[in-house]
1. May I ask you to list pairs of residues, at least six apart or on different chains, whose Cβ atoms are under 9 Å apart, with the first in region 268-287 being in contact (Cβ under 8 Å) with a residue 60 or more places away in the chain and the second being open to solvent by 60 Å² or more (accessible area, probe 1.4 Å) and part of a strand (DSSP E or B)?
2. Filter region 47-87 down to residues that are in a helix (DSSP H, G or I) and of a type outside the set (A, V, I, L, M) and give me whichever is least open to solvent (accessible area, probe 1.4 Å).
3. Looking only at residues in region 151-175 that are among the basic types (Lys, Arg) and under 27 Å from the mean Cα position of the chain (by Cα), which one is most open to solvent (accessible area, probe 1.4 Å)?
4. How many residues are crowded, with 18+ Cβ neighbours inside 10 Å, modelled with pLDDT of 95 or more and either touching a Gly at 6+ places or on another chain (Cβ under 6 Å) or not small (Gly, Ala, Ser) (or both) if we restrict to region 263-283?
5. Only one residue in ALA220, ALA257, ALA245, ALA195 is out of contact with any Ser or Thr (no Cβ under 8 Å at 6 or more places or on another chain), open to solvent by 20 Å² or more (accessible area, probe 1.4 Å) and hydrophobic (A, V, I, L, M, F, W, C). Which one?
6. Quick check on this structure: which one of ALA337, ALA323, ALA305 is within 19 Å of GLU177 (Cα to Cα), modelled with pLDDT of 95 or more and not charged (D, E, K, R)?
7. Check off (1) at positive phi; (2) assigned to a strand (DSSP E or B); (3) not basic (Lys, Arg) for GLY157 and give me the number that stays unchecked.
Amino acid sequence: MTRTEPLRDIRTTPRRKVLISGASIAGPALAFWLNRYGFAVTVVEKAGTIRDGGYPIDVRGTALEVVRRMGILPRLRDAHIDLSRLTFLDEEGGKVASVNPHTLTGGVAGQDLEVRRGDLAGALYTAVRDDVEFLFNDSIDTLDQSGHGVDVTFRGGGRRTFDMVFGADGLHSRTREFLFGPEEQFHRYLGYCFAGFTMRNTFGLSHEVMMWNAPGTAAALYAVGDNDEVHAFLPFAHPEPPYDAFRNPEAQRDLVAAVFAEAKWEVPGMLAAMHDADDLFFDAVSQIRMPRWSSGRVALVGDAAYAPSFLTGQGSSLALVGAYMLAISLADRDHAAGFAAYEHNTREFVTLNQDQVGDGDATLFPTTARALEQRNDMLRNLTAMPPAEGRPAHSALTLPEFMPMT
């Protein structure tokens, strides 16, 4: 709902000091908008710098309007990965079907964006780095809300007090754990894990994806350009989240190698490359579902509050939209009223997008031979995805207008 009341003159009051934990997508986006509303913003990030590279991500629907209002849409258009082909292979490596990616995803050619995660993170950081404080190589150690603000101690030894703190620190958020307890109570596991890394492009691929499937396993080579690297992607069904592997790279490599030990096509070479990769990313395919996104003066945004899983293609878009909605909700409200407005105006959009995964097998990664053959038959006969009834989930929220400080 668009608010029409004028923004009160907040320049005559002391600037509210806020801390954001996390400098990936949601964190810098939130910093940008809070700075526009006169907040004094500090961002703390455990890494030494903004992370470059990373797997491709989508920016669609309402999120496109967020990046347009930020002024970074032209830069992202220049970084757009224009995939020409998505080819599916059977267990022996034979071709099943080759389709235009937009035909399968329902995306809009010429509008939706697909960029490397690092390109989006870099654009967000560049847009805000001169206006807010960044603390790299550090993280929150403790939070104390017993006073009139939030007393924070940092791993690096510093101590500061903020009016509000925001957790934008991802699926495995430590800020969320500080506030609400162990992740398991909010973690909705969707039955899959995945490993991703880069490897040499010895396959002659350019602006395309090759995806091999066997029941319960898949392997994809994702060539985002004409360079000598491809993104390798190994998703697989797993009955329970392998919690013991999440923070142990060797355990991750061992688990993936065991699952794909009998796989064909290019998978043996992918496993060899995985063992030497210095950018291995491993995680469960899961969502975060929470009854509320704030406690006291601390609120969560992006994956920390409502990770939708990569199966929706909406993780980064929800982070961008959520950051905008949180900032505009706080522009002329105190923390309690602002957090309540943020949840009231954003939750329906979040839930609608999270629900896109549905129940049962993921369409791209069937777990049985019968389901895989049905998927392949669908691909062979595919001309276009049927149009969605009503408004697409990724466009189901109209952004309130940004209200400049008066």
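The values are calculated or read from the model by the stated rules, or taken from the named source; none is laboratory data. Fair warning: this is a prediction, and the values are worked out from it, not measured in the lab. Glycine gets a Cβ as well: all are built from the backbone with ideal geometry, and neighbour counts include every protein chain shown. Heavy atoms of the whole protein, side chains included, go into the accessibility calculation; ligands, DNA and RNA do not. Shrake-Rupley method; radii C 1.70, N 1.55, O 1.52, S 1.80 Å.
1. Between residues of region 268-287 that are in contact (Cβ under 8 Å) with a residue 60 or more places away in the chain and residues that are open to solvent by 60 Å² or more (accessible area, probe 1.4 Å) and part of a strand (DSSP E or B), the close pairs are ALA273/ARG200; SER286/ARG188; GLN287/ARG188.
2. First, pick out the residues of region 47-87 that are in a helix (DSSP H, G or I): 62-70, 73-78.
Checking which are of a type outside the set (A, V, I, L, M) leaves us with 62, 65, 68-69, 74-75, 77-78.
Numbers: THR62: 9, GLU65: 54, ARG68: 128, ARG69: 51, PRO74: 83, ARG75: 115, ARG77: 94, ASP78: 137 Å².
Restricting to residues being in a helix (DSSP H, G or I) and of a type outside the set (A, V, I, L, M), the top hit is THR62.
3. My answer is ARG155.
4. Number of matching residues: 6.
5. On the way: ALA220 fails: open to solvent by 20 Å² or more (accessible area, probe 1.4 Å); ALA245 fails: open to solvent by 20 Å² or more (accessible area, probe 1.4 Å); ALA195 fails: open to solvent by 20 Å² or more (accessible area, probe 1.4 Å).
Just one listed residue meets the conditions, ALA257.
6. Details: ALA337 fails: within 19 Å of GLU177 (Cα to Cα); ALA323 fails: within 19 Å of GLU177 (Cα to Cα).
The match here is ALA305.
7. The one condition GLY157 does not meet is (2).
Condition check ((1) in a loop (DSSP other than H, G, I, E, B); (2) modelled with pLDDT under 95; (3) of a type in the set (S, T, N, Q)) across all residues:
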residue	(1), (2), (3)
GLN111	yes, yes, yes
LEU124	no, no, no
LEU143	no, no, no
GLY147	yes, yes, no
